[in-house]
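To keep things clear, I will list the structure first and then write my remarks on it.
The values are calculated or read from the model by the stated rules, or taken from the named source; none is laboratory data. Fair warning: this is a prediction, and the values are worked out from it, not measured in the lab. Cβ placement follows ideal geometry from the backbone for every residue including glycine, while neighbour counts extend to all protein chains displayed.
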Amino acid sequence: MKNNIIASCFIIVSILFAQSSTAQKNPLTLELNYNYSMPVSGFKSDLVSNNSPRGFKGSLMYPFSNKLAAGVEIGFQDYYQKYPRDIYHTGPNQDISAVISNSIQTTPLMLKAKYYPLTNSFVKPYISAGAGGNLINFKQYFGEFGNTRTNIGFVGQAGVGIMIPFKKMSTSGFYLGGTYDYAPYKKDGYKDLSSVNLQAGISFEIR
Amino acid sequence: MKKLLTNGWLICLAVLYIGCNKDPLNNLNADESRIYITDRDSTVNFSSFKTYSISDSVAIIDNGKSTRQLNDVDLAYINAVKKYMNQAGYRLVLKNDNPDLGVNVNHIISTSTGVISYGNYWGDYGGYYDPYYWGYPGYGYYIPYAYSVYSVKEGAISVDMLDLKSASKSDNKKIDVIWTGLIRGSGIFNTSVADKQVESLFDQSSYLKKN
C-alpha cells in the first residue's frame with residue numbers, strides 16, 4: 001500500500017509538472033490505457049499462470065515530429081494466483097502442506113518511443129519500444145503466513161498498435177495495442193516476470 | 001476543460017492504483033489458511049518401533065514458560081493422535097510399560113518477538129517435559145536434525161515423538177526427538193477440527209508406519 005501511494009504521488013507530480021510546461025511548440029500528449037496482462041515463459045510456469053485484468057499504463061509523450069514521439073511511461077499490474085493444497089519438500093527432513101498464494105505487483109517506469117510510419121492514414125499504426133526500471137513487490141503466502149520482498153529490476157518493452165485520432169492530424173485519439181514486456185527476475189530460482197499485454201485507452205494533448 | 005479532464009483522469013489513476021490490488025488473505029477460507037509442517041530424523045527407521053505412550057495432558061508453552069492443562073480441545077488432539085498412531089500400526093501402552101515411543105502434544109501460544117525459532121523452543125524443552133516424566137531422570141533431550149524458523153503471529157499445535165527405545169541404551173543420557181508435527185492457521189483450537197488437523201500431519205508422513 002505504501003508503494004502504491006508513493007507511485008500515485010509520482011504520477012500526479014509528474015503530470016502537474018507537465019501541465020506547467022505550456023510554452024512548448026508541440027504539446028505534450030497524455031496517454032491513459034487500461035492494461036490486460038498475460039504472464040509468459042518462467043513467470044507463467046513458476047509463479048502466476050492466471051491472466052491479470054487489473055492494470056493500467058499512463059504515459060507522457062512529446063511529439064518530435066508527425067512520425068516520432070518519445071516520453072515516459074509508468075504502469076501498474078497486479079498478478080495473483082492461489083494454488084491448491086499440496087505437499088512441498090522444503091528440506092531433506094521437512095515437508096510442508098499448504099495452499100500457496102503468489103501475489104505480485106509490478107510498477108514499470110520506462111523511457112519510451114513511438115514511431116508512426118503512416119502519417120496520412122486515418123488509422124495510424126505505430127510500433128514502440130521502451131526500457132527502464134520495474135518496481136516488483138512479491139508476496140508469497142503459505143496458508144495465511146506470508147513473506148514480502150521488494151526489488152527493482154529491468155524491464156524492456158516492444159509493442160505495436162493503432163491510433164485513431166479524434167480529428168485529422170491530431171495527437172489526441174483512441175489507442176489499441178499490444179506489448180511484450182521482458183522483465184528478468186533472478187530470485188530464489190525464478191527466471192522472469194515477462195508478459196504479453198493488451199491495451200486500450202485514449203490520448204489527449206496537454207497545454 | 002482539458003485541465004479538468006486531466007485532473008479527473010489523475011484521480012482515476014490513483015484510485016485504480018490503490019484499488020487494483022487483490023488481497024490474498026481475503027481469498028482464503030479457514031482450511032486454506034492452515035499449514036502443516038513435519039520434520040523427521042531421516043536416519044530413523046520408524047517401522048522398527050512397536051509401542052507408544054502419550055502424555056496425559058497438553059503443555060501450554062507461552063513465551064518460553066509452560067503449564068499443563070487438559071480441556072476439551074486438548075483432549076480432542078490427544079485422542080486424534082492416538083487414533084492415527086494406532087492406524088499406523090503402533091500399540092498404545094502405559095508409560096510404565098517401557099514404550100518404544102513417547103508422544104507429547106503442545107499448545108504454543110506466542111512469543112514476545114512474534115518469531116518462533118525451533119531452536120529456542122527446543123532449548124527449553126526439558127522445562128516443558130521433564131525427562132523424569134518418561135522415566136529417564138537426569139536425561140536431556142536431543143534433536144539430531146536442523147529446524148527452520150517461521151514467523152508466528154498466533155498459536156500453534158505441535159506434536160513431538162521421542163525415541164524412548166534408544167534412550168534406555170543411551171550412553172550420553174539423551175532422549176532423541178525423531179519427529180515433530182506443527183499445525184498453524186485459523187480456527188485450529190476447536191474440538192471439531194482436531195481430528196482433521198492431526199490426520200493431515202500423518203498423511204504427509206507416510207513413513208510413520210509399523211511393519
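Would segment A:155-166 turn up any residue that is surrounded by fewer than 13 Cβ atoms within 10 Å (Cβ to Cβ), out of contact with any strand residue (DSSP E or B) (no Cβ under 8 Å at 6 or more places or on another chain) and closer than 27 Å to A:ASN66 by Cα? No. Sort out which residues of segment B:19-34 are in a helix (DSSP H, G or I), facing chain A (nearest Cβ under 7 Å) and not hydroxyl-bearing (Ser, Thr, Tyr), and write them in order of number. Residues satisfying the conditions are B:PRO24, B:LEU25, B:ASN27, B:GLU32. On inspection, A:LYS139 qualifies as among the basic types (Lys, Arg), within 22 Å of B:ASN27 (Cβ to Cβ) and either over 21 Å from the mean Cα position of the chain (by Cα) or part of a strand (DSSP E or B) (or both). Restricting attention to segment B:31-50, the residues that are closer than 19 Å to B:VAL198 by Cα and either at pLDDT below 90 or buried (at least 18 other Cβ atoms within 10 Å of the Cβ) (or both) add up to 10. In segment B:65-151, counting only helices (runs of 4 or more DSSP H) that sit wholly within it, the ones holding 2 or more residues that are at pLDDT 70 or above span B:72-87, B:125-128.
One residue stands out in segment A:85-125 among those that are charged (D, E, K, R) and surrounded by 14 or more Cβ atoms within 10 Å (Cβ to Cβ): the one that is nearest to the other protein chains (Cβ to nearest Cβ), namely A:ASP95. Can B:VAL15 be described as surrounded by 15 or more Cβ atoms within 10 Å (Cβ to Cβ) and either modelled with pLDDT under 90 or more than 30 Å from A:TYR80 (Cβ to Cβ) (or both)? For B:VAL15, the condition - surrounded by 15 or more Cβ atoms within 10 Å (Cβ to Cβ) and either modelled with pLDDT under 90 or more than 30 Å from A:TYR80 (Cβ to Cβ) (or both) - is not met. Scanning segment A:53-81 for residues that are of a type in the set (D, E, K, R) and under 22 Å from the mean Cα position of the chain (by Cα), we see that the one that is surrounded by the most Cβ atoms within 10 Å (Cβ to Cβ) is A:LYS57. Of all the listed residues (A:SER203, A:SER170), the sole one being within 14 Å of chain B (Cβ to nearest Cβ), part of a loop (DSSP other than H, G, I, E, B) and not aromatic (Phe, Trp, Tyr) is A:SER170. In the condition set (1) in contact with a helix residue (DSSP H, G or I) (Cβ under 7 Å, 6 or more places away or on another chain); (2) assigned to a strand (DSSP E or B), A:TYR190 is compliant with all but (2). One residue stands out in segment A:44-84 among those that are part of a strand (DSSP E or B) and of a type in the set (S, T, N, Q): the one that is farthest from the other protein chains (Cβ to nearest Cβ), namely A:SER59. Looking only at residues in segment A:86-101 that are assigned to a loop (DSSP other than H, G, I, E, B) and out of contact with any strand residue (DSSP E or B) (no Cβ under 6 Å at 6 or more places or on another chain), the one that is nearest to B:GLU199 (Cα to Cα) is A:VAL99.
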